[in-house]
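The values are calculated or read from the model by the stated rules, or taken from the named source; none is laboratory data. Computed from a predicted structure; not experimentally measured. Here the Cβ positions follow ideal geometry from the backbone for every residue, glycine too, while neighbour counts run over all protein chains shown.
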Amino acid sequence: MDKKVKVVPCSGIGKVYGLMAREAVLKTVFELCPEKSETVCLAYIVTGDKEVKVKIEGFDCITVDGCPKMCASKNVSIAGGIVVEEMKVLDTVKEHKGKKFGSPTQLNADSEAVMSEIAEKIAKKINEIN
């Protein structure tokens, strides 16, 4: 049985916080916790892809949302995933007032640092679950 924690970022296309969410998840699943986690594409969840539904239904999931709409969290729940942690990029960004976070297509030094901080938080939660 697949015990990997599913980590689902928002799509956030066109927004720097969405880019930070996606990059934090990729850093986590490919560098920090590759044996314990995997990512699932939110677009497949939203469109009801059967293979993806089987992959997340009844499994522990961490969602990472870039804005208050919480699209990743809502859609994972609707698809039957067990959302054990809802992470919000804005919660971490608020701790770094006055920083400039780059553009929707490219992170800068400030957003890279915050993205890495978010990735560490995700990894910590994965390790707590496992």
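Counting the residues of the stretch 97-130 that are over 19 Å from K36 (Cα atoms) and either outside any helix (DSSP H, G or I) or in contact with an Asp or Glu (Cβ under 7 Å, 6 or more places away or on another chain) (or both) gives 13. Each residue in the stretch 84-99 was checked for being surrounded by fewer than 16 Cβ atoms within 10 Å (Cβ to Cβ) and of a type in the set (S, T, N, Q), and 0 of them qualify. Among the residues of the stretch 11-28, the one identified as over 15 Å from D91 (Cα atoms), out of contact with any Pro (no Cβ under 7 Å at 6 or more places or on another chain) and buried (at least 24 other Cβ atoms within 10 Å of the Cβ) is T28. Taking the stretch 77-119 as the range and being among the polar types (S, T, N, Q), touching a residue at least 12 places away in the same chain (Cβ under 8 Å) and in contact with a Gly (Cβ under 7 Å, 6 or more places away or on another chain) as the test, only S111 passes.
Restricting the first member to the stretch 45-70 and to residues that are free of Cβ contacts under 8 Å to residues at least 40 places away in the same chain, and the second to residues that are of a type in the set (F, W, Y), the beta-carbon pairs closer than 6 Å and six or more apart or on different chains are V52/Y44. Quick one: in the stretch 29-52, which of the residues that are outside any helix (DSSP H, G or I), under 14 Å from the mean Cα position of the chain (by Cα) and surrounded by fewer than 21 Cβ atoms within 10 Å (Cβ to Cβ) is modelled with the lowest pLDDT? Here the answer is C41. Of the listed requirements (1) part of a helix (DSSP H, G or I); (2) farther than 22 Å from K124 by Cα, E23 misses just one: (2). The residue list G81, G102 contains one member that is among the small types (G, A, S), surrounded by 14 or more Cβ atoms within 10 Å (Cβ to Cβ) and over 17 Å from the mean Cα position of the chain (by Cα), which is G102.
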